[in-house]
Amino acid sequence: MSDHRYYIVTDEAGAGRALDLLSDVFEDEGVPIATMEVDETMGVWEASVYATDDPDDGLKARVADCLARDFPDVPIEIEIFGQTDWIAKSLEGLKPVRAGRFLVHGSHDRDAVRINDLAIELEAGQAFGTGHHGTTAGCLEMIEKVMRAAPGGPRGVNPVLDLGTGSGVLAIAAAKLGPVRVLATDIDPVATRVARDNVRSNNCSAQIECVTATGFHSTAFSHKGPFGLIIANILARPLMRMAPDIKRNLGSGGSVILSGILASQRRQVLAAFNGQGMRHIRTLWRNGWVTIHLK
């Protein structure tokens, strides 16, 4: 099998529009979709659909159909990766990331940790969340703000839910801020395994439980909740669909931190949660993405 992606080359606005269109078609299937800036000076962006099987003309045709109306003259290109662990390879060159007091780093950058840092060490793995993306970095900053400002400090938001945990970085951040119990869930068992490994290597196993759970049907939510803080760094449309369930699992006076949201999608997400009786507290803006705090 050959990992590969189908992608188009466009500008920043086009990448955002392509992400919306591709999400409408592929998001519920769990197909990875991403945008990235290729050339800051020239304003060149790419929007991609990733696949792990051999190249498939049927998938390429679906991508083309999805984008045809808004990008009629833009070719669908393909890049084949082979079987290299590209997530691991890309992380080899990533520098430590600071977000508030947090420092997210690999084992090769332990010497970058300062005395007062809240260090989170992540190894390359097949799960989203390294701190380098605007959504993850924004969540780290917001988690620190919310937990430190809570009545009674960080323990005032106990217990915490990290929904769509990915690498486990946000669950680990919450655990490092104070004596809270954290339920970290993901629909992908590979992500759950990666998160569990990272939790263990950061000495947070006593505080964090990692569970594979699809939606809110798992009994883990009712057993561990209601939650004083729910963190969900996913994508805008799933967040809007889950607004009633998130509200239902939130404890009285609890906070919600949402990310994975393009700046252009902010009003829609706020409307969905306002409809559940939640009010906006603040928004952090990073690289075209937003992180939202609601109560």
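Each label was represented as a point 7 Å from its Cα along the Cα-to-Cβ direction; for residue 193 and residue 11 these points are 4.4 nm apart. A simple spin-label model places the labels of residue 39 and residue 110 4.2 nm from each other, with each point 7 Å out along Cα-to-Cβ.
At an R0 of 45 angstrom, the distance between the Cβ atoms of residue 148 and residue 64 translates into a FRET efficiency of 0.40. Think of the stretch 142-295 as having a plus end and a minus end, set by charges on the Cβ of Lys, Arg, Asp and Glu; of 268, 222, 157, 268 sits farthest toward the positive end of this dipole. In debye, nearest 20, what is the charge dipole magnitude of the stretch 3-84 about its Cα centre with +1 on Lys and Arg Cβ and -1 on Asp and Glu Cβ, if you could check? Magnitude of the dipole: close to 120 debye. Within the stretch 250-265, list the residues whose amide N lies under 20 Å from a label point set 7 Å along Cα→Cβ of residue 274. Flagged as within label range: 255-265.
Once the Cα atoms are used to define both axes, helix 189-201 deviates from the longest principal axis of the chain by about 50 degrees.
Do the sum for the chain: with -39,500 (n - 2.57) for every DSSP H run of n ≥ 4, divided by all residues, what is the mean residue ellipticity at 222 nm, to the nearest 500 deg cm²/dmol?
-10000 deg cm²/dmol
Applying the criteria of a DSSP loop state and at most 10 other Cβ atoms within 10 Å to the GluC sites (Glu not before Pro) of the stretch 1-70 yields 40.
Charged side chains reduced to their Cβ positions (Lys and Arg at +1, Asp and Glu at -1) give the stretch 126-294 a dipole of some 380 debye around its Cα centre. For the chain, the dipole from Cβ point charges (+1 on Lys and Arg, -1 on Asp and Glu) about the Cα centre works out to 2120 debye, to the nearest 20. Say the dipole of the stretch 126-294 comes from +1 at the beta carbon of Lys and Arg and -1 at that of Asp and Glu; which of 190, 293, 167 then lies farthest toward its positive end? Of the options given, the answer is 293. For the stretch 126-294, what does the alpha-carbon gyration tensor say about shape, rounded, prolate or oblate, given a ≥ b ≥ c as the root eigenvalues, a/c under 1.5 as rounded, and a/b over b/c as prolate? Taking the square roots of the gyration eigenvalues as a ≥ b ≥ c, the stretch 126-294 is rounded. Here the extension length gained between residue 56 and residue 25 equals 9.5 nm, from 0.36 nm per residue of separation less the Cα-Cα distance. Residues considered: 107, 23, 48. Largest GNM mean-square fluctuation over the chain, using C-alpha springs under 10 Å, is found at 107.
Packing, taken as the mean count of other beta carbons within 10 Å per residue, orders the peptides 252-258, 267-273 from highest to lowest as 252-258, 267-273.
Note on Kirkwood radius over Cα pairs in Å: of the candidates [x] 19.7; [y] 20.4; [z] 19.3, the value calculated from this structure sits at [x]. Need one word for the stretch 3-84: rounded, prolate or oblate. Basis is the Cα gyration tensor (sqrt eigenvalues a ≥ b ≥ c); a/c below 1.5 gives rounded, then a/b vs b/c decides. Oblate shape, in that a/c is at least 1.5 and b/c is the bigger or equal ratio.
Couplings 3J(HN,Hα) for the stretch 42-50, derived from phi with the Karplus relation 6.51 cos²θ - 1.76 cosθ + 1.60 (θ = phi - 60°), are 8, x, 9, 10, 10, 10, 10, 10, 9 Hz, where x marks Gly and Pro.
Every number here is computed from the coordinates shown, using simple stated rules; none is lab data. Bear in mind the structure is a predicted one, so any value in this text is a computation, not a measurement. In this analysis, Cβ positions are derived from the backbone assuming ideal geometry, glycine residues included, and neighbour counts consider all displayed protein chains.
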